[in-house]
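Engineer: After the structure tokens below, expect a handful of questions from me.
The values are calculated or read from the model by the stated rules, or taken from the named source; none is laboratory data. Predicted, not measured: the structure shown is a model, and the values here were computed from it. Glycine also receives a Cβ, built like all others from the backbone with ideal geometry; neighbour counts cover every protein chain displayed. The area values use the complete protein model at the heavy-atom level, side chains included, leaving out ligands, DNA and RNA. Shrake-Rupley method; radii C 1.70, N 1.55, O 1.52, S 1.80 Å.
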Amino acid sequence: VQMTTDDSLYCIGDVAELSSTGDPSYDYTWYVGDTILKGLKVNYKLQGLEDTLISLQGEITTPVACSTTITKKIHIDPYPTLVVRGDTIVCNGSVSNLEVYADVAEKYAWSYSPTGYPELATGSAYSVVPPTDTTFYIAVTTKAGCRTIDSFYVYVMKPIIEADTTDICPGGMV
């Protein structure tokens, strides 16, 4: 009996395809936590936030009743929960400092698009001089590839008075 799974890293809610390359004359029983599944190949929707042990028992249906059991540990990640903070209003030409807080994270990617391309920066913090009103997107990915995307809008105030070299935004001083 041999257990094959396509990966050992999963996200909550993923469907793991559990399959065996064993003898088809065996009866196969899969044990995932308290769940029992029967068959040479089964699909199982992963639940919970913890690593899970999967056991496969192959049992021959003959009077001798031979059996083999193998076990594999899989890692289940939650999807990251994000809080994005930063400067929501900046003067034209000023820096906006953005930062994301994530409960679980392996990789950060800032972009102008929800698709994540082009990638502007990596890391939990991003400082940028937005050329105009802009929506920034942050994608946070876990070790298992679980990805959450959030957005943050920055409004760029246009100067109300233009002098030779000084722009003054509302509330500013001359």
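Engineer: For residues that are assigned to a strand (DSSP E or B) and closer than 21 Å to Thr68 by Cβ, tally how many sit in segment 7-27.
Structural biologist: Residues that pass the stated criteria total 7.
Engineer: Still on this structure, please answer the following. Scan segment 16-34 residue by residue and report those that are of a type in the set (Val, Ile, Thr) and under 18 Å from His75 (Cβ atoms).
Structural biologist: Selection gives Val32 alone.
Engineer: Another question, if that's okay. Which residues, taken from segment 125-161, are open to solvent by 40 Å² or more (accessible area, probe 1.4 Å), touching a residue at least 24 places away in the same chain (Cβ under 8 Å) and either β-branched (Val, Ile, Thr) or in a loop (DSSP other than H, G, I, E, B) (or both)?
Structural biologist: Val129, Pro131, Thr132, Lys143, Gly145, Ile149, Lys158
Engineer: Another question, if that's okay. Hey, can you tell me all the residues within segment 33-46 that are under 23 Å from the mean Cα position of the chain (by Cα) and surrounded by 13 or more Cβ atoms within 10 Å (Cβ to Cβ)?
Structural biologist: Matches in segment 33-46: Tyr44, Leu46.
Engineer: I would also like to ask the following. As an exercise: evaluate Asn97 against (1) outside any loop (DSSP other than H, G, I, E, B); (2) under 23 Å from Tyr153 (Cβ atoms); (3) at pLDDT below 95 and give the number of the one condition it does not meet.
Structural biologist: Among (1) outside any loop (DSSP other than H, G, I, E, B); (2) under 23 Å from Tyr153 (Cβ atoms); (3) at pLDDT below 95, Asn97 violates only (3).
Engineer: Another question, if that's okay. State which residue is farthest from Ser151 (Cα to Cα) when the search covers only segment 103-119 and only residues that are open to solvent by 60 Å² or more (accessible area, probe 1.4 Å) and in contact (Cβ under 8 Å) with a residue 12 or more places away in the chain.
Structural biologist: Here the residue is Glu106.
Engineer: Pull up segment 70-81, narrow it to residues that are of a type in the set (A, V, I, L, M, F, W, C) and surrounded by 17 or more Cβ atoms within 10 Å (Cβ to Cβ), then point me to the one that is farthest from the chain's Cα centre (by Cα).
Structural biologist: Taking the candidates together, the pick is Ile74.
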